[in-house]
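The structure under discussion appears below in the form of structure tokens.
The values are calculated or read from the model by the stated rules, or taken from the named source; none is laboratory data. None of the values given here were measured: they were computed from a predicted structure. Ideal geometry is used to build each Cβ from the backbone, glycine not excepted, and the neighbour counts take in all protein chains shown. Side chains included, ligands, DNA and RNA excluded: accessible areas come from the protein's heavy atoms. Shrake-Rupley method; radii C 1.70, N 1.55, O 1.52, S 1.80 Å.
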Amino acid sequence: MEEALAATTRIVSDGGRATDIIDRLRSLYKKAPPNRGLVAVNEIICDMVMMLRDEANRYAVSIRTDLSADLPKITADRVQLQQVLMNLMLNSVEAMKETGGVLAVKSQLDRDGRVLISVSDTGVGLPTENADQIFNAFVTTKPQGSGMGLAISRSIVESHGGRLWATPNDGRGATFHFSLPTAAAEKLEAPATGT
């Protein structure tokens, strides 16, 4: 009985998160202003890990996290960042669908004091030629792909003052990185207003 109650609670919670993401995606497509506030990146990562764990398990993909403690908050639209992470993580799972593997999500501060999130997999890797084109609209490496996920993700990250890019791993797979300014850095960069 307790397990059934816990499972039902998780389903309701996941349903609520999915509804929020869909609503924010509708806003994004309608060009509605983003709903920005202070966000803890590690909380978003943990939410996405919980939400996607069953999907990863279905394909024998284990999810590991390496989250830097005491990361500063960023000013962001929480659901848009969830969308970026969900897309990158699902792409990684898809890349390991046939073989299984490890999906690793890492958060840290980069050398410039920006929050850096990396999503790494041990899958098929990046295309050997013109790898950066995967971020263009309608370019896909998947048979069932629309070619929009990475383009939308890059657009979201750039609208937050960040950058999204991919690198091949030394062994198998690829790593997608995105960096975002911290809330404190945004305040320093904001132009002073006055009369």
Open item on the list: Rounded to the nearest percent, how much of the accessible area of region 56-105 (1.4 Å probe, protein heavy atoms only) is carbon and sulfur?
Closed with: 45
TODO: Ratio to report: Rg/Rh of region 53-94, with Cα atoms as the point set and Rh obtained by the Kirkwood method; give two decimals.
DONE: 1.05
TODO: Quick one: which residues, 5 or more positions from residue 61 or on another chain, have an amide H under 5 Å from its amide H? H modelled 1.01 Å from N in the peptide plane, none for Pro or chain starts.
DONE: 101
Task: Cα→Cβ-extended label distance, 7 Å offset, between residue 70 and residue 112, nm - done: 2.4
